[in-house]
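In what follows, a single structure is set out as structure tokens and then discussed.
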Amino acid sequence: MIVKTGPILGVTGAVMGLAYGLFGAGVGPAYSHDMAHSLPALTADSAQPAQHDKNDDQDNNAETVRMLTLLGTVMDVVHSEYVEPIKDKKLINNALQGMVGNLDPHSSYMDPQQLKDMQDEMSGQFGGLGLQVQADSGHVRVVSPIDDTPAARAGIQPGDVITMVDNKSIADLTLDQSVRKMRGKPGTKIVLTILRPKTGKTQTLTLAREIIHTQIVRSALYGRTAYIRLTEFDDALEHDMRKAYEKLVKDVAKTPGKTLNGLVLDLRSNPGGKLDQAIAVSRDFIRDGEIVSIRGRHPENNQHWDGKNTDITHGLPIVVLTNAGSASASEIVSGALKDHHRAIIMGERTFGKGSVQTILPIGDQGAIRLTTARYYTPSGRSIQGLGITPDIAVQATRDDDSAFTYHESDLAHVLTNIGSSETKETLRHDLPEGAKKIDRLPPQKWPAFDPKKPETDFQLQQALRLVTLMTAAPQTQGTQK
């Protein structure tokens, strides 16, 4: 069994994750027993003592029998009257997928082949385009492209809708079928037709499939400021991040008398992944107090995790960059750092995926990817459907994309937000004086963004500027609550 927080179906590079195995779901490697969610056994002791409850049970049982009879009747009719012969196995698989898939956007039934595909893609290398995608009301929508992949280099953006593959509509296909069409032998060409909601225009892109090698940690040194980008939360993430940070500490020390003045942690377009890695990363910066808690249907399975008296930066200022593609595990880290006032969150509101999925194998018949819990930030807030609001809102471009930004709340069958101590985030009143000097929009003539040229990344440049301002005028923000 594997427990992941992460989103979203990944395409070829993506994972069929949210609705079918991310990390797929986009998205990280092999099965592990991160956290067991045991299913409570039904015993005679669980019978309800009250006569009223027994009547309710009898009514429910009678209704269940009627509905199962109806299911059998429909199968018989379809089997005998459909325009062409169809096997019962296909009908039953369709019923299973609908039964689980219509619960919420992140639950799904996986037949043995789909389960194998997910396991292959979670190995960390997969052939395809490098897309994280999600089923959305019959459409295939991009959650985020993976860095330095054919999809990212072609300019595909979060929120784009894939309408055609090789000039053929995929409107009538399931997400799994659409993903399979996008897979193929490395080096082969594929034509995608993309609808961009914020412009209302379509464009046709020709891409070459590749073996997707996911570099989960990228780092750089900008002056005395450490920059670390996390692209997804797989098994090795925290280890690799710590290694990258230690190298930056050594790099800056090569100049006599110089030390790091702060850290920019870039979680933009990071769709999530392993819950244990989100906790481990948070513990690298938060010494004391709760990191995250999860609450499910059965109280005995509720859990919470605290800091372990560790801060690898020793209290340096931290700025976290987020956008609408920052989901799940990314939101756990952002929420923990924000609630503890350990970092300033900058950029755009996050995706809003506040649920935990558990993969439950069902013998040799595949598995169920089932939403089993909601998670809560240290303040007791569920971000399900809401996301994390930045402390300092900074847009990537001058265009106001807010009306076209894609979030969890836009999905069909979205899970409700319940159990929060509050639904609205408390405004920060302890931001450093330098926060007032941060520009929210790029200048009129700001150059077009080029991922190979950090100087064109407006949000990054503002984050670096804020770290410098915080260093020049120390505030209480860096202390732990």
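The values are calculated or read from the model by the stated rules, or taken from the named source; none is laboratory data. Just so it is clear, the structure is predicted and the values come from calculations on it, not from any experiment. Cβ atoms come from the backbone with ideal geometry, glycine included; neighbour counts cover every protein chain shown.
Miscellaneous remarks
- Residues of segment 278-306 that turn out to be in contact with a helix residue (DSSP H, G or I) (Cβ under 9 Å, 6 or more places away or on another chain) and within 24 Å of Ile228 (Cβ to Cβ), as a count: 15
- Leu205 modelled with pLDDT of 95 or more and within 26 Å of the chain's Cα centre (by Cα): yes
- Residue within segment 356-372 that is of a type in the set (Gly, Ala, Ser), in contact with a Leu (Cβ under 7 Å, 6 or more places away or on another chain) and closer than 18 Å to Val292 by Cβ present: no
- Within segment 136-149, the set of residues being at pLDDT 80 or above and either among the acidic types (Asp, Glu) or closer than 20 Å to Ile170 by Cα (or both) comprises His139, Val140, Arg141, Val142, Pro145, Asp147, Asp148.
- Qualifying residues in segment 224-263 (those that are among the charged types (D, E, K, R) and in a loop (DSSP other than H, G, I, E, B)) - the one surrounded by the most Cβ atoms within 10 Å (Cβ to Cβ): Glu232
- Qualifying residue in segment 370-391 (condition: outside any loop (DSSP other than H, G, I, E, B), under 20 Å from the mean Cα position of the chain (by Cα), surrounded by fewer than 23 Cβ atoms within 10 Å (Cβ to Cβ) and of a type in the set (A, V, I, L, M)): yes
- Residue within segment 209-226 that is basic (Lys, Arg) and touching a Pro at 6+ places or on another chain (Cβ under 9 Å) present: yes
- Looking only at segment 156-210, and only at residues there that are of a type in the set (S, T, N, Q) and part of a loop (DSSP other than H, G, I, E, B), the one that is nearest to Leu115 (Cα to Cα): Thr174
Yes/no matrix, rows are residues, columns are (1) small (Gly, Ala, Ser); (2) touching a His at 6+ places or on another chain (Cβ under 7 Å); (3) closer than 30 Å to Thr405 by Cα:
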position: Ser80; (1), (2), (3): yes, no, no
position: Asn102; (1), (2), (3): no, yes, yes
position: Asp148; (1), (2), (3): no, no, yes
position: Ala152; (1), (2), (3): yes, no, yes
position: Val161; (1), (2), (3): no, yes, yes
position: Met164; (1), (2), (3): no, no, yes
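- Subset of segment 451-475 that is out of contact with any Asp or Glu (no Cβ under 6 Å at 6 or more places or on another chain) and among the hydroxyl-bearing types (Ser, Thr, Tyr) - its residue that is modelled with the lowest pLDDT: Thr471
- Taken over segment 169-184, residues that are of a type in the set (Asp, Glu) and surrounded by fewer than 16 Cβ atoms within 10 Å (Cβ to Cβ) amount to 1.
- Among the residues making up segment 323-342, those that are within 19 Å of Gln277 (Cα to Cα) and surrounded by fewer than 24 Cβ atoms within 10 Å (Cβ to Cβ) are Asp339, His340.
- Whichever residue in segment 258-307 is β-branched (Val, Ile, Thr) and more than 22 Å from Ser379 (Cα to Cα) and, among such residues, is modelled with the highest pLDDT: Val264
- Tabulated pairs, segment 148-171, first over 22 Å from Gly187 (Cβ atoms), second surrounded by fewer than 18 Cβ atoms within 10 Å (Cβ to Cβ) and among the aliphatic types (A, V, I, L, M), C-beta under 6 angstrom, 6+ apart or interchain: Val161/Leu195; Thr163/Leu195
- Unmet requirement for Thr310, which otherwise passes all of (1) modelled with pLDDT of 95 or more; (2) over 26 Å from Thr468 (Cα atoms): (2)
- Only helices (runs of 4 or more DSSP H) whose full extent lies in segment 56-155 are considered here, and the ones with at least 3 residues that are within 18 Å of Arg209 (Cβ to Cβ) are 112-121, 150-153.
- Breaking point among (1) in a helix (DSSP H, G or I); (2) surrounded by fewer than 16 Cβ atoms within 10 Å (Cβ to Cβ), for Leu221: (1)
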